[in-house]
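Colleague: Take a look at the following structure, please.
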Amino acid sequence: MSVNGGTEELRCGHCLKAYSDPRLLTCLHSFCLECLKDHVTKNNWKKNLLCPSCNKEMLIPKEGLSAIPKDTYLKARTHACKLTPASECETCQGNKNAVSRCLDCDLNLCAECRVSHAPPSSEQVHNFIHFETDKTNDSKLDQSASTQAVKLTQNQWCRKHEDHERTIFCTKCNLTICSVCKEEKHTAHPVQASVDVAKLMRSSLSHFLGAIKEYLPDFEIYMKQIRKCQKEHDGDLQNAIADVQARCKFLQNEIEKISNAIITELKDRHKSTGSDLNKEVKNVINSYKSISTVTASADRIIKIGSDENIIQTSKKLQKRFSQIDDELPKMTLEKIDTVGFVPGPLKADSLTKMFGQCTKGEITLPVLPEPWGIRVAKEFEMCSIAGFKVRNSPDTIQAIAPISEQEAWLACGWGTKDVYLFTMTGERKKKITLDIQIDHLIMNLSGELLVSSYEDKYIRKINKDHEVCDFAMPHLYPGGMVMTKRKELFVCAVDSYTTRRADHSHRCLLKMSEYGMNIDTIDEDGDVILFGAPYRVCEAPNKDLVVTDREEGKLRVTRVDQEGCLKYVYKGPTNAALKQPFNPLGLCCDRVGNLLVSDWGNHCVHLVNNEGEFQGFILSQKDGLFKPNAMALDKSGNLWIGDGNATVRVYKYGKREY
């Protein structure tokens, strides 16, 4: 089954045939209704049933198995081929082209018949698929790729006010309402447009689902590897038996009894070790099939489901996704004994020694890859809320300084002298040109913009009236900056912009007052040199300072306290593979102290805890990242990321709620 390639084998996991009246269980596995009935009957279940794939328990409806919801999403997928641009309406006589298909009535309908087919007065819920232009990328980032696809909808008329659709979501009551209901009963409640709520939920669920999809290829490789070990284990037995039989034929009848005894011993040894391996392999295969099927089912719900579907199933899906980690097989074996055969010396005084004896070898089993993405997505919500590309600029976004949850100052391109004020939607509101080449931007606590220059030993200030004035003239070249809550400015500073540190080099953090006066430097912890080429710096909630260091051959992230005492050095994950060497650039700390680091070469963002331990990749290339650099968290906790394609992406970031 393929979930990444856009195709999937639409067969029941129980009978392995094409679905017949598929029903969707709460665990997101689908089975034919008759298969479920057969499954329940064989196990003599009355109140509960266990899913045939994942063994998760669910209640059997009081009305019987027929009351289990139909898998409308699966039916929409299979019926998509029955609705084409050339399809004609099957209810009117006007030979009009059909624009939608009722899945409940199996009819293609034109626009007029679609309205009359499910009028506001209808109590039956009809599910429709209709044509929709599917943008494969964010419309603001890429307008080039679009395909015509089908989308699942359903009649959403308000039962109390028949002529009004339910297009509003009441956050307090957690339900969709119409405009009249809002005025009558929900006037004081916070509300949002259903389409906007569904869009955010889709984004959040898609990120979680993407983490599962990203893990499946590694899981599939692992499954193939362990099956290969299984075959090798069985093959060793067969090879050993063949050697024994060849030896037996050579010595003929005189050693027949010894031959049979050794074969029996080989089989007994193989059986004693093989049963545990077979059990492990079976668990791995079942787990992979289960997670693959859940992924495909959830994918259909998110892509095909209506806004109402998404709103109603969002928490169920999140809860189901959070269970994926628990379904991974708990591997108990690291190695298993194998059998072999070594012929003995041909001595007439001992037939047993002459024939040979059993030997023991080893097959090292593969290690189940850690599901970092799933575990991070399970704990943290990462929801795309905006994205735009800076026009007429192919360069890297090298600095972002949010001034609110809607606006941020940007510097785009190495050597630029321009700073821009952009809204989250990509509207450019202001441009200021300075007389220095810009390295970094930050906002101070007074709402003024500080700008450092790597070409000149200057830090400029842009006040609230957008006037440029001098701020400080450090004795070293300034780079990344952070203004602490105690109104102290820390600046990454170097004596030259080569990334190779010499014995006489001076590389440090400058500590300055809020007015630009030098106070102190942080460069060593006893005899330990802390920095080689400090690039960006941020402050943790406990007042520690975290620095990305670009020293040649020693790229790293260093965390120190305010006195310069070393806390840890992070050089990338030790228990997760990277395609390219760790290449840290931008960084920021969230409210609980987790560190987010942009990795230029691997197109991802690392999540590191307070102790410097890698937790996973919170964003990666699957999310559209390309050479991420600048990073910043605004006051609302939204994460702003600028990349190597002059693209800015904004994410809602925080702990996931269930």
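Colleague: Could you tell me whether Ser297 is touching a strand residue (DSSP E or B) at 6+ places or on another chain (Cβ under 7 Å), buried (at least 19 other Cβ atoms within 10 Å of the Cβ) and of a type outside the set (A, V, I, L, M, F, W, C)?
Modeller: So Ser297 passes the test.
Colleague: Has region 554-575 got any residue that is aromatic (Phe, Trp, Tyr), assigned to a loop (DSSP other than H, G, I, E, B) and under 27 Å from the mean Cα position of the chain (by Cα)?
Modeller: No: zero hits.
Colleague: Here's something else I'd like to know. Considering every residue within region 603-626, establish whether at least one is of a type in the set (Lys, Arg) and within 15 Å of the chain's Cα centre (by Cα).
Modeller: yes
Colleague: Could I ask something else about it? Just checking, which of Glu407, Glu381 is acidic (Asp, Glu), under 30 Å from Asp218 (Cβ atoms) and touching a Ser or Thr at 6+ places or on another chain (Cβ under 8 Å)?
Modeller: Glu381
Colleague: Any chance you could count how many residues in region 39-50 are loosely packed, with under 15 Cβ neighbours inside 10 Å and touching a residue at least 12 places away in the same chain (Cβ under 8 Å)?
Modeller: Total satisfying the criteria: 4.
Colleague: Mind listing whichever residues of region 20-37 are in contact with a Phe, Trp or Tyr (Cβ under 8 Å, 6 or more places away or on another chain) and either in a loop (DSSP other than H, G, I, E, B) or of a type in the set (S, T, N, Q) (or both)?
Modeller: Hits for region 20-37 are Leu25, Ser30.
Colleague: Return yes when Ala540 is within 29 Å of Ser620 (Cα to Cα), surrounded by fewer than 19 Cβ atoms within 10 Å (Cβ to Cβ) and among the small types (Gly, Ala, Ser) and no when it is not.
Modeller: Criteria not met by Ala540.
Colleague: From the residues in region 300-310 that are more than 19 Å from Ile168 (Cβ to Cβ) and in contact (Cβ under 8 Å) with a residue 40 or more places away in the chain, which one is surrounded by the fewest Cβ atoms within 10 Å (Cβ to Cβ)?
Modeller: Ile304
Colleague: Can you list the strands (runs of 3 or more DSSP E) found entirely within region 478-535 that contain at least 3 residues being closer than 24 Å to Gln398 by Cβ and either at pLDDT 95 or above or not charged (D, E, K, R) (or both)?
Modeller: Strands (runs of 3 or more DSSP E) meeting the threshold: 488-494, 507-513.
Colleague: May I pose another question? Consider region 65-77. How many of its residues are of a type in the set (Ser, Thr, Tyr) and either surrounded by 15 or more Cβ atoms within 10 Å (Cβ to Cβ) or touching an Asp or Glu at 6+ places or on another chain (Cβ under 8 Å) (or both)?
Modeller: The number of residues fulfilling the criteria is 2.
Colleague: Another question, if that's okay. Restricting attention to region 101-127, and to residues there that are under 14 Å from Asn155 (Cβ atoms) and among the aliphatic types (A, V, I, L, M), which single residue is surrounded by the most Cβ atoms within 10 Å (Cβ to Cβ)?
Modeller: Among those that are under 14 Å from Asn155 (Cβ atoms) and among the aliphatic types (A, V, I, L, M), it is Leu109.
Colleague: Between Thr338, Thr313, which is over 30 Å from Leu175 (Cβ atoms) and either among the β-branched types (Val, Ile, Thr) or within 22 Å of the chain's Cα centre (by Cα) (or both)?
Modeller: Thr338
Colleague: When you go through (1) farther than 23 Å from Ile304 by Cα; (2) among the small types (Gly, Ala, Ser); (3) buried (at least 16 other Cβ atoms within 10 Å of the Cβ) one by one for Ala98, which number turns out not to apply?
Modeller: Here Ala98 clears every test but (1).
Colleague: If you don't mind, another one. So for region 270-285 (the condition being closer than 30 Å to Asn174 by Cα, touching a Phe, Trp or Tyr at 6+ places or on another chain (Cβ under 8 Å), assigned to a helix (DSSP H, G or I) and touching a residue at least 12 places away in the same chain (Cβ under 8 Å)), does at least one residue qualify?
Modeller: Within region 270-285, none of the residues are closer than 30 Å to Asn174 by Cα, touching a Phe, Trp or Tyr at 6+ places or on another chain (Cβ under 8 Å), assigned to a helix (DSSP H, G or I) and touching a residue at least 12 places away in the same chain (Cβ under 8 Å).
Colleague: Within region 133-157, which residues are at pLDDT 70 or above and in a strand (DSSP E or B)?
Modeller: Lys151, Leu152, Thr153, Gln154, Trp157
Colleague: Tell me which residues, restricted to region 458-473, are crowded, with 18+ Cβ neighbours inside 10 Å and not in a strand (DSSP E or B).
Modeller: Tyr458
Colleague: Condition first: in contact (Cβ under 8 Å) with a residue 40 or more places away in the chain and out of contact with any Pro (no Cβ under 8 Å at 6 or more places or on another chain). Now tell me which residues in region 585-608 satisfy that.
Modeller: Residues satisfying the conditions are Leu587, Cys588, Asp590, Leu595, Leu596, Leu607, Val608.
Colleague: Taking region 633-651 as the search range and keeping residues that are small (Gly, Ala, Ser) and surrounded by fewer than 23 Cβ atoms within 10 Å (Cβ to Cβ), which one is farthest from Val605 (Cα to Cα)?
Modeller: Top of the filtered list is Ser636.
Colleague: Could I ask something else about it? Would you say Gly344 is among the small types (Gly, Ala, Ser) and part of a loop (DSSP other than H, G, I, E, B)?
Modeller: The answer is yes for Gly344.
Colleague: I would also like to ask the following. Please enumerate the residues belonging to region 508-551 that are touching a residue at least 40 places away in the same chain (Cβ under 8 Å) and among the charged types (D, E, K, R).
Modeller: Correct list: Glu514, Asp523, Glu524, Asp525, Arg536, Glu539, Lys543, Arg550, Glu551.
Colleague: Oh, and also: Find all pairs meeting these conditions: Cβ atoms under 8 angstrom apart; at least six residues apart or on different chains; first residue within region 394-411 and more than 20 Å from Leu625 (Cβ to Cβ); second residue assigned to a loop (DSSP other than H, G, I, E, B) and not charged (D, E, K, R).
Modeller: Listed by first residue and then by second, the contacts come to Ile403/Gly447; Glu405/Met424; Glu405/Ser636; Glu405/Asn638; Gln406/Met424; Glu407/Met424; Trp409/Ile403.
Colleague: Would you please name the residue that is farthest from the chain's Cα centre (by Cα), looking only at residues in region 627-658 that are part of a strand (DSSP E or B) and aromatic (Phe, Trp, Tyr)?
Modeller: Out of the qualifying residues, it is Trp640.
Colleague: Same structure, new question: For Ala377, all conditions in the list (1) closer than 30 Å to Asn283 by Cβ; (2) at pLDDT 90 or above; (3) touching a His at 6+ places or on another chain (Cβ under 9 Å) hold save one; what is the number of the exception?
Modeller: Among (1) closer than 30 Å to Asn283 by Cβ; (2) at pLDDT 90 or above; (3) touching a His at 6+ places or on another chain (Cβ under 9 Å), Ala377 violates only (2).
Colleague: Evaluate the following for Asp520: is it among the acidic types (Asp, Glu) and out of contact with any Leu (no Cβ under 7 Å at 6 or more places or on another chain)?
Modeller: So Asp520 passes the test.
The values are calculated or read from the model by the stated rules, or taken from the named source; none is laboratory data. Please read all numbers here as calculations on a predicted model, not as lab measurements. For neighbour counting, all protein chains shown are included, and Cβ atoms are generated from backbone atoms with ideal geometry for every residue, glycine included.
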